[in-house]
Amino acid sequence: MAIPEVTIAGLPVSRLIVGGNPFSGNSHQPGGVNQEMRDYYTTARVIEVLGRCESLGITTFVGRADAHIIRVLHEYWNAGGGIRWIAQTAPEMRSVDDNIRRAVGEGARAVYIHGGWFDERWEAGNLAEVEGALATIGSLRVPAGIAGHIPEYHLAAAHRLAADFHMVCCYRCG
C-alpha cells in the first residue's frame, strides 16, 4: 500500500505520519495514563508498530530526541526498517543545541522545537533563543520546525521566524 507523499523543505514525508507521544508516555492527560502508555509500549511493541506503519505506507515518524526513542529507532533500523524520523527536541536535555545536533547525528531527517519550550519563549518575548535553535537546525541542513500549543503564536511566528514547518495542536494542552 502506498500513501501519497508530500515534501517539507525537500524532505519526502508520508501524508499520514505516526506520532511518538504514546511511545514515550506523553498523554497530556491526568492520572496514570502516562505510566500505562510506558508499560504498554515496550521496545518490542514500538518496533512492531513502526513495522506495521511502514507496511501500510506510512514512511515518517515524529518522536522525541531522547535516549529511549533514539535506541528504539536504531534497533528498528538495524532490523531493516526504513521509517524517516522527524525529531522533536527534548526539553529535559541540558542544551537544546546539543540535543538538535545529537538528533541529526543519530538519524533525524528534520528537527522541530518542542512546543512547550517554544510557547514559554514566545510568552517571555525571548525569540532570540528560538532563532538560535532554528539556526542550529538549519546549519545541519535539515528542515527546521516549531511546535506549539497556541495557534495564534504560530500565525505570528510564521511572519517573524524562519521555520520550514509548524506542528500545531488545536487544543489547550495541559
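The values are calculated or read from the model by the stated rules, or taken from the named source; none is laboratory data. These numbers come from a predicted model, not from an experiment. Here Cβ is always computed from backbone atoms with ideal geometry, including for glycine, and neighbour counts include all displayed protein chains. Heavy atoms of the whole protein, side chains included, go into the accessibility calculation; ligands, DNA and RNA do not. Shrake-Rupley method; radii C 1.70, N 1.55, O 1.52, S 1.80 Å.
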Only unsatisfied item for Gly32, checking (1) modelled with pLDDT under 95; (2) open to solvent by 60 Å² or more (accessible area, probe 1.4 Å), is (2)
The one condition in (1) within 17 Å of Ala103 (Cα to Cα); (2) of a type in the set (D, E, K, R); (3) in contact with a helix residue (DSSP H, G or I) (Cβ under 8 Å, 6 or more places away or on another chain) that Arg84 fails to fulfil: (3)
Considering only residues that are open to solvent by less than 70 Å² (accessible area, probe 1.4 Å) and more than 18 Å from the chain's Cα centre (by Cα), which ones fall in the stretch 1-29? Ile3
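Can you find a residue in the stretch 89-103 that is basic (Lys, Arg), over 18 Å from Arg45 (Cα atoms) and touching a residue at least 12 places away in the same chain (Cβ under 8 Å)? If you could, list the steps in order and put the result at the bottom.
In the first step, residues of the stretch 89-103 are kept if they are basic (Lys, Arg); the result is 94, 101-102.
With the extra rule that they be over 18 Å from Arg45 (Cα atoms), the set shrinks to 94, 101-102.
Next cut, touching a residue at least 12 places away in the same chain (Cβ under 8 Å) only: 101-102.
Yes, the conditions are met somewhere in the stretch 89-103.
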When residues of the stretch 68-88 are filtered for being at pLDDT below 95 and either surrounded by 20 or more Cβ atoms within 10 Å (Cβ to Cβ) or of a type in the set (Gly, Ala, Ser) (or both), how many remain? 0
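Pull up the stretch 117-174, narrow it to residues that are of a type in the set (Ser, Thr, Tyr) and within 24 Å of Gly107 (Cα to Cα), then point me to the one that is surrounded by the most Cβ atoms within 10 Å (Cβ to Cβ).
Kept after step one, since they are of a type in the set (Ser, Thr, Tyr), are these residues of the stretch 117-174: 136, 139, 153, 171.
With within 24 Å of Gly107 (Cα to Cα) added as a condition, the list becomes 136, 139.
Values: Thr136: 20, Ser139: 13.
Filtering the stretch 117-174 for residues that are of a type in the set (Ser, Thr, Tyr) and within 24 Å of Gly107 (Cα to Cα), the one surrounded by the most Cβ atoms within 10 Å (Cβ to Cβ) comes out as Thr136.
Mind listing just one residue for me: the one in the stretch 48-67 that is under 22 Å from Ile113 (Cα atoms) and of a type outside the set (D, E, K, R) and, of those, most open to solvent (accessible area, probe 1.4 Å)?
Going through the stretch 48-67, the residues under 22 Å from Ile113 (Cα atoms) turn out to be 59-67.
Now drop any that are not of a type outside the set (D, E, K, R), which leaves 59-63, 65, 67.
Working: Thr59: 35, Thr60: 0, Phe61: 2, Val62: 15, Gly63: 4, Ala65: 2, Ala67: 60 Å².
In this case the residue turns out to be Ala67.
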Residues within the stretch 8-65 that are under 21 Å from Ala79 (Cβ atoms) and without any contact (Cβ under 8 Å) to a residue 24 or more places away in the chain, tallied: 8
From Gly132, Gly116, Gly138, Gly107, residue being at pLDDT 95 or above and closer than 19 Å to Gly20 by Cα: Gly107
